[in-house]
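Have a look at the structure below before the remarks.
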Amino acid sequence: MILLQTPWTPATAEGALSGVIAQALKTLVEPEGALVLLPHGDGSPDQAVPEDVAVVALTSLAKAHAISLCGSAYVIDEDGATRTVGYLAGLNGDLLIRMPKIMPDLIEGFTDTVSSNSQPSDFPVAMTAEGQVGILCGEDVLSPHIVRSLITSGAEVILNPSRERTDRLFEIRQKARQARSYENLAYVALASASSVTIDGTTTKLPAATALAEMWGTELRASSDESFIVGDIDIESLRRRREEPMGNLPAIVRMRLYAEGYAQEASNAPPSPASRQEWISAGKEKVAASAQSARDEDDRIDRYDAVLGQTVTRVALNPDHLAECRQQNLDNALYVVAPFARSPGVKLVVFPEFFLTGAVSQLGSSSGHIASKIGISFPGPEADQLAKFAQDNNTYVSGGVFEYDPAWPERFFNSAFIFDDSGNLIHLYRKIHCADVFGRLPDTTPGSVYTEYVDRYGYDHLFPVADTPLGKLCTVICFDMNFGETHRAMVKRGAEVIIHPTSEPHNVRRRGWDIARHVRAFENTAYLLTAGHGGEFRGEGLSFPGSMQRGYSKVVNFDGSLQCIVDGPGAVPLVGSLDMTALRRARADLKGNLAAWDDPVVYAHKYAAERGLPNDAWSGDPMVNPYEGAAEIKKMIDIYQRENVYIRPQGSGKKPPIDQSMQAVV
C-alpha cells in the first residue's frame, strides 16, 4: 500500500500526483492493482470544485495507473453545499465509494462546510487487491462508534485521508488510529499532506502519515517525504479474525447499546454550513453536556487519589474463599492506609478481583457456589470497606465478585464506590467480561438483558455518581477495549473513569494500553487504572506469579500519562486530579469529542444483528452457553457468511490459538 503526503487538488491532480505515483509504484514488485491513499486535498473550502470534477480527476488517475485510488477533497455537492467527501476509484476507472465526512473540521478550527453529523450513514465498503476497504475522512476516525459501524459493514482496511496539524492533541490523535486498529482487528491508513496552501500562503504540516495494524504497531512517516510504502498482510488479518480470543468486533454487545442510542439519537437540524454556525452549535452542545453546578462549598476541585496495586492470594478450594478474601482485604488496606490518612487524598482505588483473584479454576458453571465466590452489599467485606472510607474521610472504589440474593445461583463482576461517610453510592456490573470465553462463570447484564432492564431500567447499566469529587463512574478490566461503555458513562455526566483491572501480560497488552489513553482523550475524562501486581495462585505458595504485572496508572483527560507503577508488586500510587482544568478542557469545542457525538449517525448499525446477542444466558444459571467461546464462534460464522469478515485462504482449519495460553484474556 502506498500513502502519499504530496499536496494535490482535483484541478492539479494529474500534474501533482502522476509522477509521484509512478515512482512509488516502481518500488513495488507487483504494482498493478496497488492501493494508493492520498491526503485531504489542498486549499480551503473557498476553492471547492463541483463533485464531478473531483470524481473525474481521481477515476482518471486510477485508470491511468491501474490502481485503486482514495482521497478526499472539498467539493460542491448536487445541492450546492460545500462539504468534504472521500472517494475510492477502482483500477478500471469506476467510482467504488463515496463517503461524506461526518464530523466537523475540528483540527482546522471549523470551516465553511456542511457535514453528515445529523443523519444516518450508509458506511459503504468495496473490495480491492489489498482487502475490503472503507473510508473515514479526517476526524471521523476519532469516533469509536463510527469506526465500529464501518467495521461491522465489512471494512478490513480503514482509509483515513486527513489534514493533521501539531497541537496539544496531535500525538493522542495518532494513538487513536492505533487504538481503532487494535480494537477492531483492522488496518488503519492515514495520509496527511506535508504542506497546505491557503490564500496563497504555504505552510508546513507535521509528518503524520501512518499505517497502523492490529497489534498496536505502526509505520509512520518521519519527514516531509512524498510517500511511504506499507505492507498489508490481509490473509494474516483474516486468519486472526477467525480466532475467538480477543475478537473484539465479534464480542462487542452492540445490541445492548442500541436501545440507548435509539433514545439519544436526535432529530437534529440540518448541518451548520459556516464556521460561525459551527462555533455557535458547538457552544450549545458543550453547554448542554456541562455538569450540573454544585455549591462551591460542596465541591472539591483538586485532590489526590491513591491506586492500591495489590498482590492477591487465590483460593483453589471454594471452602477457603472467605478466609482468602479477608486476608486479601487486610493486605489491600495495609498498602493504602498510610496515604489514605492524608487530608489531600480523597479517593482510594483497588484492582479488579482484589479480594479473590480471578477464580477461573473453579469452573465455567459455578452457580452452586455463587454465594461463596461473591461478596454482598451489605456484607462483612463491604462493611469493612465502608468503615475504612468513613474512618479515613475518603471515597473507596474497587472491583469484586458480587453475590446478590435477588439473582440466585449467579454472581456478577462488579465495581463499587463508597463515599467518605461509608455509604454505597455506586455499583456497576461489568458489561464486557471474560465470561464470553467460558473462562469466568460470572453473569453480565447483557446475558440476562431483558430481565435486567425490566427490573432496574436501562440507565442502571451505566451508573454515574454525582459527588463533591466530580461525577464518578467505573468500568472494569476487559471493558477498556470497548469505547461504547465509556462514552455511555460520559454521556451521563462522568468526569472520572475508575478502572479496576486484572490484565494479563501478553501480546495484546500494548494495544490495550494504547486504548486506555485514547479512552481518556476521546471522552475528556480522567482515567484511573488500578491493576494487580501479581498473584499467589496455589495453597501455601511462597512466591507470586507475574502474569499480572501491575502498570497501574493515572491518565490525564487529554490522554497523557500522569504517573505509573512500572512493574509488579504491592504499590500505592498517588495521582492528582484537577477538576477545574478538566472542565476547562471540556469547554474546548475542538477537543470535546463527546459533545459532537450524535447516535443518529450510527444507531441503525447497533440495532442490526451484530456482535454478541443479548439474553444468551437467560436460561439455567448452571448451563453456561459460553463454554468454549461458543457464542463468539457463532458470531464469527455469521460475519463470514455475510462478508463482514472475509474468509482466509484455506479457511476451515481450527485456529490453533484456541488451545494456546496466548489466548488467555
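Answer yes or no: is there a residue in the range 475-494 that is surrounded by fewer than 24 Cβ atoms within 10 Å (Cβ to Cβ), touching a residue at least 40 places away in the same chain (Cβ under 8 Å) and in a loop (DSSP other than H, G, I, E, B). For the range 475-494, residues surrounded by fewer than 24 Cβ atoms within 10 Å (Cβ to Cβ), touching a residue at least 40 places away in the same chain (Cβ under 8 Å) and in a loop (DSSP other than H, G, I, E, B): present. Of all residues in the range 563-585, those that are in contact (Cβ under 8 Å) with a residue 24 or more places away in the chain have Cβ atoms under 9 Å from Cβ atoms of residues that are of a type in the set (S, T, N, Q) and assigned to a helix (DSSP H, G or I), 6 or more apart or on another chain, in Ala570/Asn331. Screening the candidates Asn392, Asn423 for the property of being within 27 Å of Asp301 (Cα to Cα), touching a Lys or Arg at 6+ places or on another chain (Cβ under 8 Å) and not β-branched (Val, Ile, Thr) yields one hit, Asn392.
Does Ala608 satisfy the condition of being of a type in the set (A, V, I, L, M), in contact with a Phe, Trp or Tyr (Cβ under 7 Å, 6 or more places away or on another chain) and not assigned by TED's automatic domain parsing to the domain that holds Phe411? Taking the combined requirement at face value, the residue does not satisfy it. State yes or no: is Arg455 of a type outside the set (Val, Ile, Thr), part of a helix (DSSP H, G or I) and within 26 Å of Met579 (Cβ to Cβ)? When the stated conditions are applied, Arg455 does not pass them. Taken over the range 458-474, residues that are assigned to a helix (DSSP H, G or I) and not acidic (Asp, Glu) amount to 3. In the range 299-318, the residues that are within 30 Å of Leu469 (Cβ to Cβ) and β-branched (Val, Ile, Thr) reach residues that are at pLDDT below 90 and part of a strand (DSSP E or B) with C-beta atoms within less than 8 angstrom, at least six apart or across chains, in these pairs: Val311/Glu535; Val311/Phe536; Thr312/Glu535; Thr312/Phe536. Only strands (runs of 3 or more DSSP E) whose full extent lies in the range 254-355 are considered here, and the ones with at least 2 residues that are within 26 Å of Val475 (Cα to Cα) and small (Gly, Ala, Ser) are 302-309. Looking at the range 371-389, is at least one residue in contact with a strand residue (DSSP E or B) (Cβ under 8 Å, 6 or more places away or on another chain), over 24 Å from Val314 (Cβ atoms) and touching a residue at least 60 places away in the same chain (Cβ under 8 Å)? Looking for residues that are in contact with a strand residue (DSSP E or B) (Cβ under 8 Å, 6 or more places away or on another chain), over 24 Å from Val314 (Cβ atoms) and touching a residue at least 60 places away in the same chain (Cβ under 8 Å), one finds none in the range 371-389, hence no.
In the range 69-128, what residues are farther than 21 Å from Ala189 by Cα and of a type in the set (Lys, Arg)?
Across the range 69-128, the qualifying residue is only Arg83.
Tallying residues that are at pLDDT 95 or above and surrounded by fewer than 20 Cβ atoms within 10 Å (Cβ to Cβ) within the range 560-570 yields 5.
Any residue that is within 33 Å of the chain's Cα centre (by Cα), within 28 Å of Arg492 (Cα to Cα) and modelled with pLDDT under 95 - is there at least one of those in the range 331-351? No: the range 331-351 contains no residue that is within 33 Å of the chain's Cα centre (by Cα), within 28 Å of Arg492 (Cα to Cα) and modelled with pLDDT under 95. Screening Thr9 on (1) out of contact with any Ser or Thr (no Cβ under 7 Å at 6 or more places or on another chain); (2) in contact (Cβ under 8 Å) with a residue 24 or more places away in the chain; (3) part of a helix (DSSP H, G or I); (4) surrounded by fewer than 23 Cβ atoms within 10 Å (Cβ to Cβ) shows it passes everything except condition (3). I'd like the full set of residues that are in contact with a Lys or Arg (Cβ under 7 Å, 6 or more places away or on another chain) and in a strand (DSSP E or B), limited to the range 200-249. Ala210, Ala212 - these are the residues of the range 200-249 that are in contact with a Lys or Arg (Cβ under 7 Å, 6 or more places away or on another chain) and in a strand (DSSP E or B).
The values are calculated or read from the model by the stated rules, or taken from the named source; none is laboratory data. Since the model is a prediction, treat every value here as computed from it, not as a measurement. Heads up, the Cβs are rebuilt from the backbone with ideal geometry, glycines too, and the neighbour counts pull from every protein chain shown.
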